[in-house]
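Step one of this worksheet: look at the structure below.
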Amino acid sequence: ADEIVVAVPTFSIEKGIYAEAVSVELKTETKGAEIYYTVDGNDPTIESTKYTGAINVEKTTTIKAIAAYTANNAVTYSNAVSAEYIISPIKSYKEVSAITSGKKYLLVSKADSVLGKPVEGSKKYNYLYKEAVTMANGEIKTNDHYAFTIEAVEGGYTIKDAYGRYLYTKDDTYKNFNVSATMPEAGAVWTITFSETGEATITNVLSSKYVQYSAQYNSYGAYPDAQGTLPTLYEEASDTSVEF
């Protein structure tokens, strides 16, 4: 008999950032196959939740799914697939020239009209890739997934992304950021000063590298010398959820 190839499940909505809850449907092209999925980070198996109808995603969630076809008491699986849905309300941000500890900030290159996005995953080279922004009347409206929380600590500030991970650098030749769910022993403290025109020099205490947007690499890195544009900081305005 021919070996059965089970088609991977497909998602009705593409992975990505959404301002409000989404309803995700799964299907497979293999007739008679059933879909199993997880939302807790574990890989799905036939013991996982069986798909019976649309999955309502109200908070940031990764759906992992497999399809399984059973014949003659033997189960054939598809490959596993996954999609991350980031549920992130639209907030309003305004340019500032001082830090309020514990508030959320966008890193924005005004010259290029781009902001820095949180590191995706944990690769060897982590840069903050860009997202285009529109400024109107000195204000930016965008998903709060792009904001970094800046908190005062001894010697400077820590910077955490929307996943709650600390940005830090190592005293090495690499120009990337590292991310950690817990406060690293070194490299996670930054000093922040503002120029008269409002740009922020965000310098790592350990490595002396400072945050810049590089048009050459389309991303924000931590460089030891002048490489590009210094970011301007935009602070989340109070009670700024934008109604739809």
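The values are calculated or read from the model by the stated rules, or taken from the named source; none is laboratory data. All values reported here derive from a predicted model rather than from experimental measurement. Cβ sites come from the backbone with ideal geometry, for glycine too, and all protein chains shown count toward neighbours. Just so you know, the surface numbers come from the protein's heavy atoms only, side chains and all, with ligands and any DNA or RNA stripped out. Shrake-Rupley method; radii C 1.70, N 1.55, O 1.52, S 1.80 Å.
At a glance:
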item: Residue tally, condition open to solvent by 60 Å² or more (accessible area, probe 1.4 Å), over 16 Å from residue 203 (Cβ atoms) and either of a type in the set (Val, Ile, Thr) or in contact (Cβ under 8 Å) with a residue 40 or more places away in the chain (or both), over region 139-190; result: 6
item: Odd one out for residue 116 among (1) among the small types (Gly, Ala, Ser); (2) open to solvent by less than 20 Å² (accessible area, probe 1.4 Å); (3) in contact with a Gly (Cβ under 7 Å, 6 or more places away or on another chain); result: (3)
item: Looking only at region 5-45, and only at residues there that are among the basic types (Lys, Arg) and part of a loop (DSSP other than H, G, I, E, B), the one that is nearest to residue 143 (Cα to Cα); result: 15
item: Which numbered condition residue 59 misses (of (1) part of a strand (DSSP E or B); (2) over 15 Å from residue 8 (Cβ atoms)); result: (1)
item: Residue 105 modelled with pLDDT of 95 or more, under 22 Å from residue 165 (Cα atoms) and either open to solvent by less than 40 Å² (accessible area, probe 1.4 Å) or hydroxyl-bearing (Ser, Thr, Tyr) (or both); result: yes
